[in-house]
1. Tell me, please, whether a residue that is in contact with a strand residue (DSSP E or B) (Cβ under 7 Å, 6 or more places away or on another chain), buried (at least 20 other Cβ atoms within 10 Å of the Cβ), among the β-branched types (V, I, T) and not in a loop (DSSP other than H, G, I, E, B) can be found in the range 141-155.
2. Looking at V122, is it modelled with pLDDT under 90, in contact with a Phe, Trp or Tyr (Cβ under 6 Å, 6 or more places away or on another chain) and either surrounded by fewer than 22 Cβ atoms within 10 Å (Cβ to Cβ) or over 19 Å from K14 (Cα atoms) (or both)?
3. Condition test on A52, is it over 12 Å from the mean Cα position of the chain (by Cα), aliphatic (A, V, I, L, M) and surrounded by fewer than 17 Cβ atoms within 10 Å (Cβ to Cβ)?
4. Take the residues in the range 57-74 that are under 21 Å from L202 (Cα atoms) and in a loop (DSSP other than H, G, I, E, B); name whichever of them is modelled with the highest pLDDT.
5. Any residue in the range 109-133 that is without any contact (Cβ under 8 Å) to a residue 40 or more places away in the chain sitting within a Cβ distance under 6 Å of a residue that is surrounded by 22 or more Cβ atoms within 10 Å (Cβ to Cβ) and in a loop (DSSP other than H, G, I, E, B)? List the pairs, counting only those 6 or more apart or interchain.
6. So, in the range 91-108, of the ones that are touching a residue at least 12 places away in the same chain (Cβ under 8 Å) and polar (S, T, N, Q), which residue ends up nearest to Q197 (Cα to Cα)?
7. I need the full set of residues from the range 168-204 which are modelled with pLDDT of 90 or more and closer than 21 Å to D20 by Cβ, in order please.
8. Is it the case, given these coordinates, that F38 is surrounded by 14 or more Cβ atoms within 10 Å (Cβ to Cβ), under 25 Å from I160 (Cα atoms), of a type outside the set (A, V, I, L, M) and at pLDDT 90 or above?
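The values are calculated or read from the model by the stated rules, or taken from the named source; none is laboratory data. Every value quoted in this text rests on a predicted model; they were computed, and no experiment measured them. Every residue, glycine among them, receives a Cβ derived from its backbone with ideal geometry; neighbour counts consider all protein chains shown.
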Amino acid sequence: MLIEIPGNNPDHRKIKEVADILRNGGIAVIPTDTIYAFATSLMNKKGMEKLAKLKGIKLKNAQFSLICDDLSDIAAYTKPMERNIFRALKNAFPGPFTFILNANTHVSKLFGTNKKEVGIRVPDHPITREIVKELGHPIVSTSVHDDDKIRLYTTDPESIFQNYENDIDVVIDSGYGKNQASTIVDCTSGDLQIIRQGMGILNN
C-alpha cells in the first residue's frame, strides 16, 4: 500500500492508519529528515523480527536505531549520560543525527539479547514524529538502501514501493527524500566521536 502524506500538513487519519499497522507488527517505509527508512514498532517483537529478516539478519544482531519524539523519550532506553552528551543531544535534536548511547537493560529485553548500545534519532520531520506520538513509544528503524552501488539510497517512494511491495505493508509517499544519511556520533565512551559524517554538522 502506498499512502500519500504531505510533510507540511500531515493528515492525522492517515498517520493513525500507519501507526496501527506498526502497532500490529507491520513494516512501513517512512520519510525522515535524511533518507527513507524501514520502520516498525519497538513494542511488537514479531514486527522487529520481520524487519530483521527483511535486512537478512537475526534480531539479536541487528543495529537498528530508535526514532523518538523528543529527549524525554530517550531516558527510558539508555543509561544515565554525562552532561556534555546530554548537551550535545539537546543542541542536535531534532535533526539529522544518530547518537550511539549506552543502552539499559530494557533495550536488551526488547531485542532479546545482551545489547549494550543503541542508536537514537529524533528526526526533524513532522510525519515521523507524529507517528511516534500516535504510537506512544519509539519506532525501530533502519535505512532503505539501493541495490545500485553508485546510488546508495533510494529517494523515490514510488520506486521503493515497487521494489518492496511484497515485503512490507505500507510506504508513505512524502515526496522525494534526500540521498544523504544522518551523521552518526558514538557517545559510549563519554566523549563525542563522529564515526560517519552525514547531513548533520555537530556543534559542541
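1. The answer is no; no qualifying residue exists.
2. Spelling it out, it is not the case that V122 is modelled with pLDDT under 90, in contact with a Phe, Trp or Tyr (Cβ under 6 Å, 6 or more places away or on another chain) and either surrounded by fewer than 22 Cβ atoms within 10 Å (Cβ to Cβ) or over 19 Å from K14 (Cα atoms) (or both).
3. no
4. This residue is C68.
5. Once the first residue is without any contact (Cβ under 8 Å) to a residue 40 or more places away in the chain and sits in the range 109-133, no partner that is surrounded by 22 or more Cβ atoms within 10 Å (Cβ to Cβ) and in a loop (DSSP other than H, G, I, E, B) comes close enough.
6. Of everything passing the filter in the range 91-108, T98 is nearest to Q197 (Cα to Cα).
7. I168, D169, V170, V171, I172
8. Values: surrounded by 14 or more Cβ atoms within 10 Å (Cβ to Cβ): yes; under 25 Å from I160 (Cα atoms): yes; of a type outside the set (A, V, I, L, M): yes; at pLDDT 90 or above: yes.
Against the criterion (surrounded by 14 or more Cβ atoms within 10 Å (Cβ to Cβ), under 25 Å from I160 (Cα atoms), of a type outside the set (A, V, I, L, M) and at pLDDT 90 or above), F38 qualifies.
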